[in-house]
1. Which one of LYS56, LYS128 is surrounded by fewer than 20 Cβ atoms within 10 Å (Cβ to Cβ) and closer than 29 Å to LEU34 by Cβ?
2. If a residue must be without any contact (Cβ under 8 Å) to a residue 40 or more places away in the chain, of a type in the set (A, V, I, L, M, F, W, C) and either assigned to a strand (DSSP E or B) or open to solvent by less than 30 Å² (accessible area, probe 1.4 Å) (or both), how many such residues does the range 36-53 contain?
3. Find all pairs meeting these conditions: Cβ atoms under 6 angstrom apart; at least six residues apart or on different chains; first residue within the range 113-141 and over 25 Å from LEU41 (Cα atoms); second residue among the hydroxyl-bearing types (Ser, Thr, Tyr).
4. Out of all the residues in the range 59-71, which are exposed (fewer than 15 other Cβ atoms within 10 Å of the Cβ) and over 14 Å from the mean Cα position of the chain (by Cα)?
5. For ALA105, work out the one condition from (1) within 16 Å of the chain's Cα centre (by Cα); (2) over 15 Å from SER47 (Cα atoms) it doesn't fulfil.
6. Taking the range 72-91 on its own, how many of its residues are more than 19 Å from GLY101 (Cβ to Cβ), of a type in the set (A, V, I, L, M, F, W, C) and open to solvent by 70 Å² or more (accessible area, probe 1.4 Å)?
7. Tell me which of these GLU110 doesn't satisfy, since it passes every other one: (1) in contact (Cβ under 8 Å) with a residue 24 or more places away in the chain; (2) part of a strand (DSSP E or B); (3) charged (D, E, K, R).
8. Considering only residues that are in contact with a Gly (Cβ under 9 Å, 6 or more places away or on another chain) and basic (Lys, Arg), which ones fall in the range 40-78?
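The values are calculated or read from the model by the stated rules, or taken from the named source; none is laboratory data. What you see is a predicted model; the values in this text were computed from it and never measured. Note that each Cβ is placed from the backbone with ideal geometry, even for glycine, and that neighbours are counted across all protein chains shown. Only protein heavy atoms, including side chains, enter the accessible area calculation; ligands, DNA and RNA are left aside. Shrake-Rupley method; radii C 1.70, N 1.55, O 1.52, S 1.80 Å.
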Amino acid sequence: MKLLVFISICLLYFTIFACHKGKSETNADMKAALDTAHYTLVKWMDSTVQFGSIPKGEHITVRFRCKNIGNEPLILVDVRPVCGCTVADYTKHPIMPGLEGIIEAALNSEHVPVGNVRKTIIVNTNTKNGTEHYLFFEGQVVADSATILKF
């Protein structure tokens, strides 16, 4: 019985810490996100991107640009797609005032239905003008390449 309790405690401990291992946030990022005295401002040049029409099964990548228009370093604390068919990558180092950062979102259209598509990326930042920002990319997935119409 003691062995069963010990194993259960070990599994619980492992589960708790395994959930935190994959996070993109570092301790420095978390401190910056909570340090409201050093928040900055962000301007999104591309908060919605149109990708046009693509055949089902095609992989596409879209880019979103942001600019630090404040006086403190901008930190993209966390960037996460809402669905599993999208993967996001982003500028991981602090973006100094006046400079730009990039968020790339890759979509595998094999995993989405034919028709209109609208995908969302949620970005957490250390900014005065909101700490959670929503980015969108949209277009159409068609059954085959012969029916593609460009926007």
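1. LYS128
2. So the count comes out to 0.
3. GLN140/SER53; VAL141/SER109
4. HIS59, ILE69, ASN71
5. (2)
6. 1
7. Every listed condition holds for GLU110 apart from (2).
8. ARG65, LYS67
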